[in-house]
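To start, the structure itself, in structure tokens.
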Amino acid sequence: MIVDTHWSGNEYHKDCSSVNASFAVSKLLSIISCNVFPEKTELGDSLIVWGEISPSVSGKIVILILKRPSGAVSAVTASTNEAEEYYYTYSPNEIGLWYATATWGGDHNYGNCSSPIKTFEINKHYSSLSCNISSSELKSNDSIYVWGILTPNLSSKRINLIFTKLSGSIIAFTTFTDADGCYFYSYVPNEPGTWNVKAMWLGDSTHKEATTPTQYFIVSGAKKAFSVSSNSTVSALVFDLITNTLSFNVSGPQGTKGYTQVTVTKSLIKDASALKISLDGTEIDYSLESLNDVWIIGFSYSHSVHRIILSDGQKR
């Protein structure tokens, strides 16, 4: 802007003019914010990009710049409402970390401005997988039937079935889901003993992987994994396949000595040095002998009613 002055003079003085003076008038400072909710969501789900301009102005166009994980950039517009806020609903279609920023061009009173960059993360869809077995006890040459369902119900998806023998060796098979996301597989275990099976799906470009809990079953016809002999009365004998723990009760006449011998295959307890035996919750000493493919374990106690627990601390 330019300003000048002039005086027309009088009967004694001539008229005169000043030298032109100029000055600049700047627009007022404005600030814009940018927020995303939620900051983490799954592919295809909607989120809201929102913010406000300060000082408050309504009916103004805001440009939102969205940068994809691939590096591609797109721009969309939103308008401030009567509350001087803008909102934009968006459904991202690419997995990874996104960047968003808001900008507006100002008006005759306020200057343009841009917000700080806001990040948000888009993840694959969650998936789950189930695994069921037809029986926990099989006879020799019987089939074990394994089935389950993939959620969401996706068809033609590859399901890996992992069978593990007592020895630790693994056999893997593949099957596929049907139109309802279900799978089914039958198998004849090739040796007696304790087995387990679980199902796995590796996921795809839009869904996360999933693994089921392990299912355990026993095939009869095997040499006994363990045996208990005692001069006491033995009851409530339980072997926990998951914790690899053998427990039972012993009882006998008061004032007499009890003795128990447990024979365990080395395939069941590989490291006998880790074996611990407790009597009513208190750890006790025991004798240990290696004979061919078994461990022979012996211990004694004063007769009463006792709970015995043997464990090598190894979970399956």
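Bear in mind that the values in this text are calculations on the coordinates, not laboratory data. Here the structure is a predicted model, which means the values were calculated and not measured. We place every Cβ from the backbone using ideal geometry, glycine too, and count neighbours over all the protein chains shown.
Check S127: other-chain or 5+ apart residues with amide H under 5 Å from its amide H, H built from backbone geometry?
For S127, the qualifying residues are K208.
Roughly speaking, what is the stretch gain from K139 to S156, that is 0.36 nm per residue apart minus the C-alpha to C-alpha distance, in nm to one decimal?
Going from the current span to full extension adds 2.9 nm.
Using the Karplus equation 6.51 cos²θ - 1.76 cosθ + 1.60 (θ = phi - 60°), what ³J(HN,Hα) coupling, rounded to whole Hz, does each residue of segment 113-128 give in order, writing x for Gly and Pro?
The phi angles translate into 7, 10, 7, x, 6, 10, 9, 8, 10, 10, 10, 5, 5, 5, 9, 9 Hz.
Taking other Cβ within 10 Å of each residue's Cβ, how do W201, W98 sort, fewest first?
Listed from fewest to most nearby Cβ atoms, that is W98, W201.
Consider the candidate values (1) 145, 52, 33; (2) 82, 49, 39; (3) 72, 51, 35; state which one is Cα extents along the principal axes in Å computed from the structure displayed.
Checking each listed value against the structure points to (1).
Can you tell me the FRET efficiency between H125 and E85 if r is taken as the Cβ-Cβ distance and R0 is 30 Å, rounded to the nearest 0.05?
0.45
Arrange the following residues from fewest to most other Cβ atoms within 10 Å of their Cβ: I309, I63.
Final ranking by Cβ density, sparse to dense: I63, I309.
What are the residues whose amide H is under 5 Å from the amide H of V62, where those residues sit 5 or more places off or on another chain and H is modelled from the backbone?
Excluding prolines and chain starts, which carry no amide H, the hits are A78, S79, T80.
Using alpha carbon centroids, what distance separates segment 79-96 and segment 57-75, in Å?
Measuring centre to centre over Cα atoms gives 9 Å.
Ranked highest first by the average count of other Cβ atoms within 10 Å around their residues, in what order do 247-257, 120-130 fall?
120-130, 247-257
Pull up all non-local amide H partners of L166: gap of 5 or more, or a different chain, and H-to-H distance under 5 Å with H placed in the peptide plane.
Under 5 Å from the amide H of L166: T194.
May I ask you to evaluate 6.51 cos²θ - 1.76 cosθ + 1.60, the Karplus curve with θ = phi - 60°, for each residue of segment 262-278 and list the ³J(HN,Hα) values in order in whole Hz, giving x for glycine and proline?
Going residue by residue, I get 10, 10, 10, 5, 6, 6, 8, 10, 7, 10, 5, 5, 8, 5, 10, 10, 10 Hz, with x marking Gly and Pro.
Do any of K157/K208; K139/K276; K27/K118; K40/K208 go past 22 Å between their Cα atoms, and which?
K139/K276; K27/K118
Rounded to whole Hz and in sequence order, give me ³J(HN,Hα) for segment 290-296 from the Karplus expression 6.51 cos²θ - 1.76 cosθ + 1.60, θ = phi - 60°, writing x for Gly and Pro.
3J(HN,Hα) across segment 290-296, in whole Hz: 9, 9, 6, 9, 10, 9, 10.
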